[in-house]
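> Pasting in a structure now, in structure tokens, and then I'll have a few things to ask.
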Amino acid sequence: MSNDFIFNLGHPPGLKLRPFVDEKLVKIKIPLPPNDPSDGEAEWVWAEPAGNNTFVLKNVPTFAKGLSYGDVVKIGTVDEVPVFEDVVERGGHSTYRIYANSDRRSSEVMRVIQTLEKMHCEMENATDKIVGVDVLPEADIYAVYKVLDDAERTGILQFQEGHCGHPLKTGDAH
């Protein structure tokens, strides 16, 4: 498998991003529903082979819903391309996507991102306005949600939950 899908994230100075390009990783295609906000037909994510047609996701699925970093997924192939089929095991991470109302590099958005990083979140830039947020298992999902909700209420950004892999209190749902 070639590394044809390596891309420049173009992140601003000071923004810490998880390195995820590795020689043993492969790209997996995750088909997206029609009219997806990404305007794409699929999202490509890096994954590490785990045996028996399963792979561990090694970057944030920014547009595909129901998946998070660290999830173990089953793949099939279509025209020799690895294609997502199902989740085999959850990795304990949660995923949000931030839609910056101006630009992800604006000082207001960068303050939110820096706050999230201090709360055990890691970022992956998707576009000039969209950032994927990986909420690590040790993070307080309620505190992370509050930061995102406050930023949305003040008009800095909008956000969506892609997948909640954290245990929730009884009766709670995001």
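The values are calculated or read from the model by the stated rules, or taken from the named source; none is laboratory data. Since we're looking at a predicted model, the values are computed, not measured. Cβ coordinates were reconstructed from backbone atoms using ideal geometry, including for glycine residues, and neighbour counts include every protein chain displayed.
> Take the conditions in a strand (DSSP E or B) and more than 9 Å from ILE98 (Cβ to Cβ) and apply them to ASP134. Does it pass?
Judged against the criteria, ASP134 is a match.
> Out of the residues in segment 54-78 that are part of a loop (DSSP other than H, G, I, E, B) and over 10 Å from the mean Cα position of the chain (by Cα), state the one that is surrounded by the most Cβ atoms within 10 Å (Cβ to Cβ).
Per the criteria, the residue is ASP71.
> Yes or no: GLU138 within 25 Å of ASP71 (Cα to Cα), at pLDDT 95 or above and assigned by TED's automatic domain parsing to the domain that holds VAL45? Step through it out loud before you land on a result.
Details: within 25 Å of ASP71 (Cα to Cα): yes; at pLDDT 95 or above: yes; assigned by TED's automatic domain parsing to the domain that holds VAL45: no.
When the stated conditions are applied, GLU138 does not pass them.
> Continuing with the same structure: Which one of these is assigned by TED's automatic domain parsing to the domain that holds GLU43 and either hydrophobic (A, V, I, L, M, F, W, C) or modelled with pLDDT of 95 or more (or both): LEU116, LEU67, LEU157?
After applying the criteria, what remains is LEU67.
> Looking only at segment 109-117, decide whether some residue is within 15 Å of the chain's Cα centre (by Cα), surrounded by 16 or more Cβ atoms within 10 Å (Cβ to Cβ), within 21 Å of LYS27 (Cα to Cα) and in contact (Cβ under 8 Å) with a residue 60 or more places away in the chain.
No - not one qualifying residue is present in segment 109-117.
> To continue, here is another question. Which condition from (1) within 16 Å of the chain's Cα centre (by Cα); (2) over 23 Å from LEU67 (Cβ atoms) is the one that TYR96 breaks?
Among (1) within 16 Å of the chain's Cα centre (by Cα); (2) over 23 Å from LEU67 (Cβ atoms), TYR96 violates only (2).
> For residues that are part of a helix (DSSP H, G or I) and either surrounded by fewer than 19 Cβ atoms within 10 Å (Cβ to Cβ) or in contact (Cβ under 8 Å) with a residue 60 or more places away in the chain (or both), tally how many sit in segment 148-174. Working first, answer last.
Our first condition is that a residue be part of a helix (DSSP H, G or I); within segment 148-174, this holds for 148-153.
Now drop any that are not either surrounded by fewer than 19 Cβ atoms within 10 Å (Cβ to Cβ) or in contact (Cβ under 8 Å) with a residue 60 or more places away in the chain (or both), which leaves 149-150, 152-153.
So the count comes out to 4.
> Cβ-Cβ under 6 Å, sequence separation 6+ or interchain: first residue in segment 50-76 and on the phi > 0 side of the Ramachandran plot, partner outside any strand (DSSP E or B). Which pairs?
Close Cβ pairs satisfying both conditions: GLY70/GLY91; GLY70/HIS93.
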